[in-house]
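Peer 1: Submitted below is the structure of interest, expressed as structure tokens.
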Amino acid sequence: MGKEGKSARLGSLQRVSAFLNDQQIEFLDGLSRQMKFSGGCKLPRTKILRAMLSAFMEMHVDVSEVGSESELKERILQAVRR
């Protein structure tokens with residue numbers, strides 16, 4: 001599939017910079033390696049992050065009155081456990 005097909009599937013993409021710690025980077029790289037060695041394909045970090053964000057968007061997490069990153073993390077975990 002050419003660039004037109006890929007663009008239509010992903011929509012308009014914009015570059016976003018994010019700071020991740022070493023543990024988070026190793027987690028993403030480990031997922032990628034696990035995919036490759038279990039018969040799938042090795043996805044880059046950006047595609048893994050996009051998939052995670054897309055899943056998060058469908059979870060309808062209650063973010064009312066969230067005041068910190070750790071509080072948001074707990075709300076996300078609560079939504080996953082439902």
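The values are calculated or read from the model by the stated rules, or taken from the named source; none is laboratory data. What you see is a predicted model; the values in this text were computed from it and never measured. Every residue, glycine among them, receives a Cβ derived from its backbone with ideal geometry; neighbour counts consider all protein chains shown.
Peer 1: Here are some residues: Val66, Val61. Which one is on the phi < 0 side of the Ramachandran plot, modelled with pLDDT under 95 and surrounded by 10 or more Cβ atoms within 10 Å (Cβ to Cβ)?
Peer 2: Val61
Peer 1: A further question on this structure: Which pairs turn up if I take residues in region 57-82 that are of a type in the set (A, V, I, L, M, F, W, C) and look for partners that are surrounded by 10 or more Cβ atoms within 10 Å (Cβ to Cβ) and part of a loop (DSSP other than H, G, I, E, B) with beta carbon separation below 7 Å, at least 6 apart in sequence or on another chain?
Peer 2: Filtered contacts from region 57-82: Leu72/Val63; Leu72/Val66; Ile76/Val61; Ala79/Met59; Ala79/Val61.
Peer 1: Another one. Looking at region 13-47, which of its residues are assigned to a loop (DSSP other than H, G, I, E, B), out of contact with any Lys or Arg (no Cβ under 7 Å at 6 or more places or on another chain) and surrounded by 10 or more Cβ atoms within 10 Å (Cβ to Cβ)?
Peer 2: Within region 13-47, Leu13, Leu20, Gly40, Leu43, Pro44 meet the criteria.
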